[in-house]
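Since the structure comes first, as structure tokens, the remarks are kept for the end.
The values are calculated or read from the model by the stated rules, or taken from the named source; none is laboratory data. Predicted model, so just to flag it, every value in this text is computed and none were measured. Because the Cβ atoms are built from the backbone with ideal geometry, glycine has one as well, and the counts that use them run over all protein chains shown. We work out accessible area using only protein heavy atoms, side chains counted, and drop any ligands, DNA or RNA first. Shrake-Rupley method; radii C 1.70, N 1.55, O 1.52, S 1.80 Å.
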Amino acid sequence: MSVLNAEPLILGIESSCDDTAAAVLRGRNILSSVVAGQDTLHAAYGGVVPEIAARAHAEKLDICVEDAVQEAGVSLNELDAIAVTAGPGLIGGVVSGVMLAKGLASATGKPMIGVNHLAGHALTPRLTDDLPFPYLMLLVSGGHCQFLLVKGPDDFTRLGGTIDDAPGEAFDKTARLLGLPQPGGPSVERAAKDGDEKRFRFPRPLLDREGCDMSFSGLKTALMRTRDSVVAEKGGMTEQNRADLCAGFQAAVRDVLTEKTRRALDVYLAENPAEPSIAIAGGVAANQALRQSLQNLCEQKAVAFTAPPLRLCTDNAAMIAYAGGALLAQGVSHDMTLAARPRWPLDKTSAPLLGSGKKGAKA
Ligand code: KG4
Ligand code: ZN
């Protein structure tokens, strides 16, 4: 580390799902963050195709790293460490990233840190807002859905999560069922703006069950049935029907996430944190109805609410560089035996959740 810069300079690499990303951070300062998405490659298949994703990562990773380093105005030799997502995720992509990191680490002699992708998301509020430990994190995306009690860079307790689909997946499937464009979240939210959320009543799965686990796969089946009966009754799907279905569906997701967050908050607050706060991350965190509802809950409970900017809520490499830096500060680094892991639960003690998001292999 240079004497002039006490903060470490870290390259982050991310390739665990369908975004190829590289970033350079100096401490909490993001010098560059490059994300190459793959939406167009997978669009025709209605979901991420692992083999296509892996090939695209292999093709794009070195370009992303070059761009990130150049944009940051640094050279590889100035780096203090290389952080790479080593799991959980689609294994072909994770292997591509880990292989590149190993190559860079052995060529430059810099330390390498294998980072858990979920830890990257979970630590993002520290990168963006310097949030003090312990805080509660709700991670909601197309592939993840869990509540985490975040106590340190490598100290996480999972309080609950989905036992089947992730909410983003449910939004995407809903959009597909209603003929709306992908990604489904933004198009369903847009349509819902003109809809009446009370016209169709969708189930609020698992609210009758104690704890913070959730289920979203039944919602899409309910939506499909309602859609079919509307079409049968009215002879087609009008804009208003579509808007009402979207509003009803979104309200169900919002209500389940809000009620489960209330329960997770009770567990968290029982530990008497000095500065109670909850943070949200993942693509679904963009949903305004959900944000508003969580914000109201936080006001009621006198808990601070942090929502990092969306580009840092969705998959990116800045969060991996930051998490890697936090581990490096604790003396963690890995050698050439670092393995890519398709599954890697953050919480080493809680029992694994069934399914927990089907978009990719998840913890
Ligand atoms: O975190 P992300 O970019 O990627 C991963 O899943 O890893 O999240 C993408 C997911 C998609 O399922 C997308 O439909 C959903 O986030 N999403 C939304 C909104 N914007 C994106 N869901 C609900 N409302 C939104 N406004
Ligand atoms: Zn992610």
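Miscellaneous remarks
- Spin-label model distance (nm) - Arg209 vs Ala274, 7 Å beyond Cα toward Cβ: 3.8 nm
- Surface analysis of segment 224-363 yields an accessible area of 45 Å² per residue, using protein heavy atoms and a 1.4 Å probe.
- Treating each Cα of segment 237-288 as an identical point scatterer and summing with the Debye formula, the log10 of I(q)/I(0) at q = 0.19, 0.21, 0.27 Å⁻¹ comes to -0.78, -0.86, -1.07.
- Treating each Cα of the chain as an identical point scatterer and summing with the Debye formula, the log10 of I(q)/I(0) at q = 0.11, 0.13, 0.15 Å⁻¹ comes to -0.73, -0.99, -1.25.
- Helices that extend 27 Å or more along their long axis by alpha-carbon positions and average at least -1.0 on the Kyte-Doolittle scale are, among the DSSP H runs of the chain, 50-72, 239-269.
- Heavy-atom surface analysis with a 1.4 Å probe gives the chain a carbon and sulfur content of 52 percent of its accessible area.
- Of the peptides 256-265, 166-175, the order by per-residue mean of other Cβ atoms within 10 Å, starting with the highest, comes out as 166-175, 256-265.
- Gained length - Thr349 relative to Asp154, 0.36 nm times residue gap less alpha-carbon distance: 68.9 nm
- Centroid-to-centroid, using Cα positions, segment 102-153 and segment 271-349 are 6 Å apart.
- Cβ crowding within 10 Å averaged over residues, with 294-303, 213-222 ranked highest first: 213-222, 294-303
- Contour excess over end-to-end distance, with Cα ends at Arg55 and Val267 and 0.36 nm allotted per residue: 72.0 nm
- Per residue accessible area of segment 1-150, 1.4 Å probe, in Å²: 36 Å²
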